[in-house]
Amino acid sequence: MRKEHWRALRRDQALYWLMLPGILFYIVFKYVPMYGVLISFQNYSIGKGIWGSEWVGFKHFIDFFTRTPDAWQLIRNTLLLNVYELLFAFPAPILLALLLNELRVVLFRRFIQTVSYLPHFLSTVVIVGMVVNFLSPSSGIVNHVLVMLGIEPIMFMAEPGWFRTIYVASEIWQTLGWGTILYLAAIAGVDPTLYEAARMDGANRFQQIRHITFVGMLPVVIILLVLNLGKMMEIGYQKIILLYNPTLYDTADVINTFVYRRGLINADFSFAAAVGLFQAVIGFVLVVAANKLARKTAHGSLW
Amino acid sequence: MKKMKAVYQSRTLRLVGGVTMAVMLAACTQNGGGTNTTSKEAVDGGNSTPPASAIEYDPARTGGLELPLSAEPITYSFFIAERADAAVSSDWPIFRAMAERTGVDIRFEPAPGAGFEEKRMLLLATQSVTDFFGSLTGSLARQYGPDGVFLDLKPYMDEGLMPNIKAWYEKYPDATVVSTAADGGIYSVPTFSEENYISFSWMARGDVMDELGIEQPGNTDEFYDMLKQMKAAYPDAYPFLPISTAPIGRIGLYRDFAQMFTGIDGMLGYDREADEYRFAAEDARFVDMLTYLHRLYEEGLMDPEFALLQSNQFDERMLSGKSLVTHHFKGRVSQFNSKARQADASTDYRLVPMAPFAAEGVKPFQFIKPVVFDAQSIALAADVKQPEIAVQFLDYLYSDEGTDYTNYGIAGKNYEVNGGEVRYLEEEPDLLVPNLRKEGVLYDSIRMAAFDKSRQARVLSPEDAAIDELQQPYIVDSVPLMVATEEEAELEKERLANLTKHLEQKLTEFVMGKTAINDESISQFVREANQLGAAELVEMYNTQLERAGE
Amino acid sequence: MKIKTSMASRVFDAFNVTLMLILAAVMLYPIVYVASASISNVGLVVNGTVKLWPRDLTFIAYERVFADPFIWLSYGNTIRYTVIQTAATLLVTSMMAYPLAKRRLLGRRTILLFAAATMLFNGGLIPTFLVVKQLGLIDTIWAVIVPTLINTWYLFIMRTFFEQLPEELEEAARIDGCGVMGTLLRIVMPLSKPVLMTIGLFTAVTQWNSFFDALIYLNQKELYPLQIHLRNIVIAGTAAAQSQGSAGDDEIMLLETVKYSTIMVAALPILCVYPFIQKYFVQGTMIGGIKG
């Protein structure tokens, strides 16, 4: 066996040299700092540093589940928000890319595409401000429309049940156009002769979309899906902090907002690190499982 | 194939060429920047610091410090939070003037207000602090000082190198309490603000009150009547709009009304009558507070979205007349009035301040901002070069001469002295403070000691002056200063944020009617709060209070 | 030969176009509002009179932004950082993605696994900062570029695209005497324009908008990029800013409309990059090479 390996290494040595800068980068900037993970098991104190701080084993992990009010609610909220995102925010750019690709007039398509990613460039603060404004029961446009349709105005921002929808909708608003760029690049890579062949075989437009365009995008879709699954246990706190208010804590409070309040700023590094590690482990398990599944369907996988 | 090869070759060349140019551009600009810095230092070193004998100074005004502090020009780095409305500049006139007089040049390394706390935390955690470290809190200094991050100032104070700061400490002993760490060292120096400074004020639309013949409310019942009258005249408006629903802190709906009904400083705070910390929910009058707020909500006297609003919506409602009454930073009175005038020069819009009020039987009061303000402290790096000079410069900022610079600016440019009285030269009262700040005057963490009020003639806008006058009879000393031990700080860190969030949520549910207000629900509320640590925290605060009293 | 369009197809087209127009309106709204607010009277913006179109034109918000002496310097910094980082990232990432696209490469799966793991597990801010500090990069332009040189998502995406390139091309290149680097630069990359443009664009935008790295790794004001300057202004007065105890009682007194002009100034240049590279997203770019 060994001899084959050596031969392979020698044959491909140029390729290995090519990867060298990248691998160095990973080692220096990603793996060397990994020792930081150790502080999850300590009571890290700046003065003593990592090697001097006392070890407390799994204390922080246990604390998270036992001394946190409603740890399970936080986990549930985090998971549910991610599931909603996966169900709605993930497919949206795919759909839009497919639809955009079907627009015949090139100039119109480029115009729509450019316009669609504009919200991505506005800071979250501005977008959230607008969202809250639109949903206001007294002055918001959404409620105006509801009233015109004869429905009572709804105080959206005060109903925990609406929060997930609002969050995901604002995510879509902000990221939809930007997300299509990658998918359009994938579509651009599809061999045009395939379309010719399909047409001659009698396939109609919709069949072409399904079997050629979409299939061409599939490898990219799959790796993005797998990567997203790795993030199921976390969701960034910045936007939620801007969006939430005391009436929404039941559904809006997630793991990261709790950690943020608990003391990301107050130097409670160990606790924050422990929670982060917990999220990472869960995510890793999910990624590995998803990747195995992806390999079976053979359209593309992470590794 | 050959043609393609040629094409690809030229494209590769272009790519490589582009990258090379970019790199060279970066390198060039880098060098350019570097040269500029060194040439600046050379200029300063060469020209701006005259020999020692040429500087005239009045020892009474420098507190005995001898100028210049350093014969050779020396530069210190200074970390500070940058205000969004006034950019930090190492070229500020007051600092150039101070450099001329002391020989100490300051190079600012500002961090923007957004993300500033993270940067500060990182610098502390990695022991990469600058020579002068500003915008620091006393508790952080007490925590990190003994760890070797900051310089212990006590020996220098004892040696007599910091006479001005020593004098301030003697005048306000709280400063010693707040800056002494567990190991006895003093690692930071706080800001000493003006005496009797009031931060907040109730405010209402004076034009509407005049129109409806309403007088200033003296208690909560009269406040309720006032709101009712306003609502009757303006049915589309929701007269009262609080700026936040914080239950604890310096301002917030629940905090304010807890004070008004129980006399306690917030849901969990200091009770002046009882001289101890208490949890307001356990007070007999808590149910009155809830009922009152619920009534305001139900009858449309308080904006139904009070818990949801973002700050831009708040501003919008106050300015468009959707809301008429609020409790806010006192500066808002003149700010809102001027914004309204900008929108429509002929408007009648006129916010006026209201005196504090409370429920029947409870005495209304207004806390003053404590003079010793340790949320803006300065510390020196433990390894600062030439510490004797550094501590003296720090002390200089607290001397009369230094205070003149940081409070007034440059004589003849920003202010003039007329027969012992100081007068600012800025014409527009609205622009005075903002413009001064742009030059580093009255800047957080630079102005470390407030001017003596008897000397100053600060141009207060007529509104600000009216507010101060109105609040005078209600001023009480701020809550006694307390210091937490490491364990207590841990407990607070663990419990307080979640408790606050819980209180906010549950109180909002009471007010909005989602939870009925009765004995049972209140008992449950108290039980849940105690489970989250309310009782523990109260006990802890009382222990700290006792210790502070010794 | 003209292709007959079916009824279903035409209905679909009509529906598609309508949908796109609605989408465009929804997506355009925020930026139109921001642009209008940036040139309107501040009183009218704050009291809600300005809803879509500007009222009572004034350019004072822009005057304030450009009055800041550092604005041009920080603009220049941002451009420098963005250009350099984009070029460096594209080069190094593709150098790593290309070998990883070859299924026969020994150790391929292990390397991919190690890269994927870094997306989830990371040592944290402090250890990373210490590494950068020990390399002497703090307060230099490289601190902003090197620690984020390779983004693992992009690595995987690039690899996926490279995998789809036909082997014959590289055979041809080898026959012509091209080394591996040469193949990468002269054959693979030109054919991968869509993905390179995409990743390049993403990298450029991320770097253009990046704030946190510059915040923690740079100390001198002269090196600050645009975002550091401007973020302060944009969040001033919001809850995010009020949570900072340091500002004390002196509220930030800012002309609200400056927030909007700041956003416009920061976003406009990078907004315009994409339309220019749209032409590279044309079908068949990857295949063109074979015919030669």
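The values are calculated or read from the model by the stated rules, or taken from the named source; none is laboratory data. Predicted model only: the values in this text are computed from it and were never measured. Cβ sites come from the backbone with ideal geometry, for glycine too, and all protein chains shown count toward neighbours.
What are the residues in the range B:97-121 that are in a helix (DSSP H, G or I) and under 21 Å from the mean Cα position of the chain (by Cα), if any?
Of all residues in the range B:97-121, those in a helix (DSSP H, G or I) come to B:97-102, B:116-121.
Residues satisfying the conditions are B:F116, B:E117, B:E118, B:K119, B:R120, B:M121.
Determine if the range B:114-128 includes at least one residue that is surrounded by 21 or more Cβ atoms within 10 Å (Cβ to Cβ), away from chain A (no Cβ under 14 Å) and in contact with a helix residue (DSSP H, G or I) (Cβ under 7 Å, 6 or more places away or on another chain).
Within the range B:114-128, not a single residue is surrounded by 21 or more Cβ atoms within 10 Å (Cβ to Cβ), away from chain A (no Cβ under 14 Å) and in contact with a helix residue (DSSP H, G or I) (Cβ under 7 Å, 6 or more places away or on another chain).
Report, ordered by the first and then the second residue, all pairs with beta carbons closer than 7 Å, sequence separation of six or more or different chains, a first member in the range C:144-163 that is closer than 15 Å to C:N122 by Cα and facing another protein chain (nearest Cβ under 7 Å), and a second member that is hydroxyl-bearing (S, T, Y) and in a helix (DSSP H, G or I).
Qualifying pairs under 7 Å: C:P147/C:T128; C:I150/C:T89; C:I150/C:T93.
If you take the residues in the range A:46-80 that are crowded, with 19+ Cβ neighbours inside 10 Å and not β-branched (V, I, T), which one is farthest from the other protein chains (Cβ to nearest Cβ)?
Among those residues, the one meeting the criterion is A:N77.
Among the strands (runs of 3 or more DSSP E) confined wholly to the range B:317-420, which include 2 or more residues that are touching a residue at least 40 places away in the same chain (Cβ under 8 Å), crowded, with 18+ Cβ neighbours inside 10 Å and touching a strand residue (DSSP E or B) at 6+ places or on another chain (Cβ under 6 Å)?
On the way: elements: B:325-329, B:351-354, B:372-380, B:415-418.
Correct list: B:325-329, B:351-354, B:372-380.
Output yes when any residue across the range B:122-141 is assigned to a strand (DSSP E or B), at pLDDT 90 or above and on the phi > 0 side of the Ramachandran plot, and no when none is. Walk me through how you get there before you give the answer.
First, pick out the residues of the range B:122-141 that are assigned to a strand (DSSP E or B): B:132-136.
Still in the running and at pLDDT 90 or above: B:132-136.
With on the phi > 0 side of the Ramachandran plot added as a condition, the list becomes B:135.
The answer is yes; a qualifying residue exists.
Given C:V50, C:V83, which one is within 28 Å of B:L319 (Cα to Cα) and buried (at least 19 other Cβ atoms within 10 Å of the Cβ)?
Values: C:V83 fails: within 28 Å of B:L319 (Cα to Cα).
Every option except C:V50 fails the conditions.
Is it the case that A:N291 is within 10 Å of chain C (Cβ to nearest Cβ), over 14 Å from the mean Cα position of the chain (by Cα) and either more than 24 Å from A:T175 (Cβ to Cβ) or part of a helix (DSSP H, G or I) (or both)?
On the way: within 10 Å of chain C (Cβ to nearest Cβ): yes; over 14 Å from the mean Cα position of the chain (by Cα): yes; either more than 24 Å from A:T175 (Cβ to Cβ) or part of a helix (DSSP H, G or I) (or both): yes.
Yes; evaluated as a whole, the condition is true for this residue.
Would you be able to tell me the number of residues in the range B:457-497 that are modelled with pLDDT of 80 or more and surrounded by fewer than 14 Cβ atoms within 10 Å (Cβ to Cβ)?
7
How many residues, within the range A:222-259, are among the acidic types (D, E) and either closer than 16 Å to A:L87 by Cα or outside any helix (DSSP H, G or I) (or both)?
Step one: list which residues in the range A:222-259 are among the acidic types (D, E), which gives A:234, A:250, A:253.
Still in the running and either closer than 16 Å to A:L87 by Cα or outside any helix (DSSP H, G or I) (or both): A:234, A:253.
Residues meeting the conditions: 2.
Would you confirm whether or not the range C:164-185 contains a residue that is touching a residue at least 60 places away in the same chain (Cβ under 8 Å), among the basic types (K, R), assigned by TED's automatic domain parsing to the domain that holds C:A267 and part of a helix (DSSP H, G or I)?
no
Those residues that are more than 14 Å from chain B (Cβ to nearest Cβ) and over 30 Å from A:A92 (Cβ atoms), I need them from the range C:20-48; list them, please.
C:I39
Within the range A:116-136, is even one residue more than 30 Å from A:I94 (Cα to Cα) and surrounded by fewer than 19 Cβ atoms within 10 Å (Cβ to Cβ)? Steps first, answer last, please.
Applying the first criterion (more than 30 Å from A:I94 (Cα to Cα)) to the range A:116-136 yields A:136.
Restricting the remaining residues to those that are surrounded by fewer than 19 Cβ atoms within 10 Å (Cβ to Cβ) gives none.
No, every residue in the range A:116-136 fails to be more than 30 Å from A:I94 (Cα to Cα) and surrounded by fewer than 19 Cβ atoms within 10 Å (Cβ to Cβ).
Scan the range A:195-209 residue by residue and report those that are of a type in the set (D, E, K, R) and either modelled with pLDDT under 85 or at positive phi (or both). Spell out the reasoning first.
Pass one, the range A:195-209, residues of a type in the set (D, E, K, R): A:196, A:199, A:201, A:205.
Selection gives A:R205 alone.
Residues in the range C:4-50 that are closer than 19 Å to A:V131 by Cβ, among the small types (G, A, S) and at pLDDT below 90: how many?
Number satisfying all stated conditions: 1.
Please list, ordered by residue number, the helices (runs of 4 or more DSSP H) wholly in the range A:91-210 having 2 or more residues that are of a type in the set (A, V, I, L, M, F, W, C), more than 25 Å from A:V226 (Cα to Cα) and free of Cβ contacts under 8 Å to residues at least 40 places away in the same chain. Talk me through it step by step, then tell me what you get.
Numbers: elements: A:91-101, A:106-116, A:124-135, A:141-148, A:160-188, A:192-200, A:205-208.
The helices (runs of 4 or more DSSP H) meeting that bar are A:106-116, A:124-135, A:141-148, A:192-200.
Going through the range B:425-449 one residue at a time, which ones are over 28 Å from B:V189 (Cα atoms) and outside any helix (DSSP H, G or I)? If you could, list the steps in order and put the result at the bottom.
Narrowing the range B:425-449 to residues over 28 Å from B:V189 (Cα atoms): B:425-431.
Of everything in the range B:425-449, those that are over 28 Å from B:V189 (Cα atoms) and outside any helix (DSSP H, G or I) turn out to be B:L425, B:E426, B:E427, B:E428.
For residues that are surrounded by fewer than 20 Cβ atoms within 10 Å (Cβ to Cβ) and assigned to a helix (DSSP H, G or I), tally how many sit in the range C:130-141.
Filtering the range C:130-141 down to residues surrounded by fewer than 20 Cβ atoms within 10 Å (Cβ to Cβ) leaves C:131, C:133-140.
This time we only want the ones that are assigned to a helix (DSSP H, G or I), so: C:131, C:133-134.
Final tally of qualifying residues: 3.
Of all residues being closer than 20 Å to A:D191 by Cα and within 13 Å of chain A (Cβ to nearest Cβ) in the range C:170-193, which is surrounded by the most Cβ atoms within 10 Å (Cβ to Cβ)? Just the residue, please.
C:S192
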